[in-house]
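None of the figures in this text is laboratory data; all of them are computed from the coordinates on show. Only a predicted model underlies this, so the values are computations on that prediction, with no experimental measurement involved. Note that each Cβ is placed from the backbone with ideal geometry, even for glycine, and that neighbours are counted across all protein chains shown.
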Amino acid sequence: MKVKNVVIAGLGGQGVLKASDILADAAFRAGFDVKKSELHGMSQRGGSVSSDVRYGDAVLSPMVPPGEADVLVVLEATQVEINRPTLRAGGVLIGPDLLDPEAFKNKKSLNVALLGAASTILEIPEEDWLAAMRANLAEKLHKLNEQSFATGRAAALARSSAT
Amino acid sequence: MTGERLLLSGDDAVALAALHAGVRLGTGYPGTPSTEILETFDRLGGQAQWSPNEKVALEVGLGSAFAGARTLVTMKHVGLNVAADPLFTAAYTDILGGLIVVSADDPGMASSQNEQDNRHYARAAALPMLEPIDSQQAYDFTWLGFEISERWKIPVILRVTTRVCHAKTIVRPRATAQSSPQPSFQRDVPARVMIPAYAKPAHQRLRQKLADIAAWNEAEGPVRLDAGDSKLGIVATGISAVHAREAAPEASQLTLGLTYPLPLERIRTFAAGVERLLVIEEGDPVLVDSLRAAGIPAEGKPEMYRFGELNVARVRRILAGDTSPEPAPPKGKPPELCQGCSHRGVFEVLRDLNCIVAGDIGCYTLGVLPPFSAMDTCVCMGASIGVGLGMRHVLPEEQARRVVSVIGDSTFVHSGITGLAEMVYNPPSTGHLVLILDNGTTAMTGQQEHPGTGRLLDHSPTGKISFEALGRAMGIQNVHVVSSQDKEQSLRDLITGLLAKSETSLVVTRQPCVLAAPKIRFYEKAATGQTTPDSCAADVVD
């Protein structure tokens with residue numbers, strides 16, 4: 001499979017790196033070559049954070065070149081525009097506006113909800129997503145995050161069928 | 001090789017290889033992007049410990065290697081400056097157990113004060129250097145580093161960069177772990193006592209070792225050849241090699257693993273088979289200069305690509321000879337001191353008192369940004385004290401009296417104690433004030449322990465250095481501790497009073513890092529046996 005490029009972005013503390021860990025692990029479990037890259041260090045101090053995940057038959061650079069992301073997942077509305085240049089023409093943006101803030105209360109699992117939305121266009125089997133979530137999250141958070149994943153997935157499917 | 005397939009960061013891959021290779025001791029000082037190596041090594045069951053600074057870490061590591069144990073020493077690029085003194089003479093000695101010094105460089109300065117290129121250290125100290133391109137090579141080269149180190153009785157530098165350390169890629173580890181022999185002291189005075197009489201022949205031996213390693217590198221060193229179009233030949237190292245493969249998949253490429261001493265004849269042969277030879281390297285023109293000095297006609301990158309990281313887009317521009325201005329990267333939201341951070345109140349006081357602040361390295365360097373704008377210098381670990389004293393010595397009195405040195409707890413232990421000695425020994429006529437912002441952890445790098453916390457790398461209890469007792473013992477005239485219970489007004493009054501005196505002063509502001517506080521409480525309870533066996537620190541903060 002041609003390399004799939006995903007960029008996940010947001011602010012420090014939102015779970016950007018955790019989301020990219022889950023995605024990379026899911027792709028890894030699905031048998032793909034995977035590379036994931038981000039900058040640590042300042043991430044806990046509230047600044048902009050982004051993480052690149054690439055998977056396919058053979059991945060070379062761990063960083064998604066500008067304008068080559070197939071999917072851009074953004075957890076914070078203010079971070080959409082600064083990350084948009086990473087998206088290729090025809091690439092898919094998944095932003096926090098996908099979820100109705102009144103209906104979606106689990107802000108801490110927004111990262112996983114948006115992964116659920118992304119899962120509708122990424123070729124990774126559902127069991128690998130679930131296994132990756134369980135491996136990367138504390139047990140007490142499993143149920144909540146599985147619900148959020150399903151919520152995000154349903155929202156993305158509803159939107160794509162509406163357009 | 002086993003069928004086992006793992007997704008690991010480069011740091012974790014080094015740690016796993018160290019465990020498999022039978023490393024008996026890992027030492028280091030935290031520094032992005034190297035920190036996770038020792039943390040993972042500890043988690044996997046290895047013996048890992050933080051030293052006060054990189055110099056001490058390397059000295060402890062050298063002793064361990066002299067005693068015959070395989071040893072891993074880790075640090076970030078600027079840490080190797082601190083450890084340079086033992087490094088250069090360790091190169092002259094014969095070590096018994098393999099010794100790898102990890103230099104984790106930060107091109108682009110994701111979390112550093114400079115982007116120095118530590119490939120220069122291999123040449124300057126005359127030590128072999130391995131540069132992995134991904135986590136698999138980080139694993140393999142850790143093994144290889146120990147083999148080279150023991151075969152030639154020489155320390156080996158494993159140079160990694162941010163995008164190798166923190167990128168996760170797939171690793172297939174070796175099938176079998178190796179147990180290392182029991183260390184046992186073997187006296188070898190000429191090989192380990194570097195007085196001139198022994199160091200002169202030792203230098204000759206070192207150059208012979210390098211010549212032998214170069215010959216080995218020519219014959220069987222870790223070089224990868226991707227045969228391709230003869231129009232373009234690329235020579236690359238480290239992470240740049242994968243960017244280059246992606247940017248120019250049709251080109252012939254020679255990727256070097258042992259980048260010092262270089263396999264120059266292999267490169268010369270490769271060069272002879274291509275029309276255009278281009279060196280793709282991040283940072284300084286180290287490799288291209290070496291090739292040119294050897295008479296190999298190589299093309300380097302335009303000067304503008306010396307700055308910052310390389311990536312696929314930039315390598316494409318280098319290949320095209322494009323020197324037009326690059327699009328400015330989008331400006332993200334800068335980091336800031338956390339809400340509830342104990343440093344905030346201190347910087348508000350320093351700002352309001354219009355202090356001239358000699359700052360240091362850590363989270364609190366963010367005090368330079370609005371709304372505080374309360375830092376005037378930041379150079380290297382520990383520099384706040386010396387720089388503050390220097391300004392005090394020469395500024396007119398009205399300005400000198402406003403100079404304050406601000407340093408964090410971990411940074412103070414790392415490099416601040418000698419600064420206090422300087423203050424006591426050469427006090428400026430207006431005196432001086434040093435503030436230690438003690439938040440009980442090495443916060444910036446992810447909350448590591450240090451000798452001032454009283455806990456080891458694995459958070460179990462150990463001896464603890466008291467900064468206030470140290471200050472008093474050193475003869476500082478005024479020593480105060482301000483705890484979190486004290487009001488900000490009292491800190492303001494205290495600082496105002498001390499700045500008016502022409503005496504030496506040390507104030508320790510003590511309040512735990514807001515991110516680390518729950519874990520610190522957990523460790524303290526664990527030390528007194530108050531926790532349940534199935535609770536763990538990870539549950540304290542989610």
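Descriptive notes on the structure:
- Average partner coverage of B:147-159, which counts Cβ from other chains inside 10 Å: 0
- For segment A:106-118, 3J(HN,Hα) computed residue by residue from phi via the Karplus equation (6.51, -1.76, 1.60; θ = phi - 60°) reads 7, 3, 5, 10, 4, 4, 6, 4, 6, 5, x, 5, 5 Hz, glycine and proline entered as x.
- Using the Cβ-Cβ distance between B:Gln477 and B:Val193 with R0 set to 45 Å, the FRET efficiency works out to roughly 0.60.
- Cβ-Cβ FRET estimate between B:Thr496 and A:Ala131, R0 fixed at 56 Å, reported to 0.05: 0.40
- Taking label points 7 Å from Cα along the Cα-to-Cβ direction, B:Ile465 and B:Arg268 give a separation of 5.1 nm.
- Mean per-residue shielding of peptide B:333-339 is 6, counting Cβ atoms of other chains within 10 Å of each Cβ.
- Put simply, when B:250-258, B:269-277, B:152-160, B:116-124 are sorted by average Cβ atoms within 10 angstrom per residue, most first, you get B:152-160, B:250-258, B:116-124, B:269-277.
- Calculated FRET efficiency for the pair B:Asp284/B:Ala320, C-beta based, R₀ 25 Å, to 0.05: 0.70
- Spacing of the modelled spin labels on B:Arg224 and B:His120, each 7 Å from Cα toward Cβ, amounts to 2.9 nm.
- Annotation: extensible slack from B:Thr528 through B:Ala293 equals 78.3 nm (criterion: 0.36 nm per residue apart, minus Cα-Cα distance).
- Added length on full extension, which subtracts the Cα-Cα distance from 0.36 nm per residue, B:Glu275 to B:Val394: 36.9 nm
- Partner chain coverage, peptide A:63-72 - average Cβ within 10 angstrom: 3
- Those chymotrypsin sites (Phe, Trp or Tyr not before Pro) in segment B:160-238 that DSSP places in a loop and that have at most 12 other beta carbons within 10 Å: B:Phe185
- 10 Å beta-carbon shell around A:Gly47, net charge (K/R +1, D/E -1): +1
- Residues whose placed amide H lies under 5 Å from that of A:Val92, excluding near-sequence neighbours: A:Val71, A:Leu72
- GNM flexibility winner over chain A from A:Leu137, A:Leu87, A:Leu114 (Cα, springs under 10 Å): A:Leu137
- Gain on full extension, evaluated as 0.36 nm per residue between B:Ser484 and B:Asp352 minus their Cα-Cα distance, stands at 45.6 nm.
- Ranked by how many other beta carbons lie within 10 Å on average, peptides B:222-231, B:283-292 from highest: B:283-292, B:222-231
- Segment B:473-524 - charge dipole about Cα centre, Lys and Arg +1 at Cβ, Asp and Glu -1, debye rounded to 20: 140 debye
- Given charges at beta-carbon only (K, R positive; D, E negative), |dipole| of segment B:223-319 in Debye: 80 debye
- Where a label projected 7 Å from the Cα of B:Arg151 along Cα→Cβ would reach, residues of segment B:243-284 with amide N under 13 Å: B:258, B:261
- Rough spin-label spacing in nm, given labels placed 7 Å along Cα→Cβ, for B:Phe307 and B:Gln208: 4.8 nm
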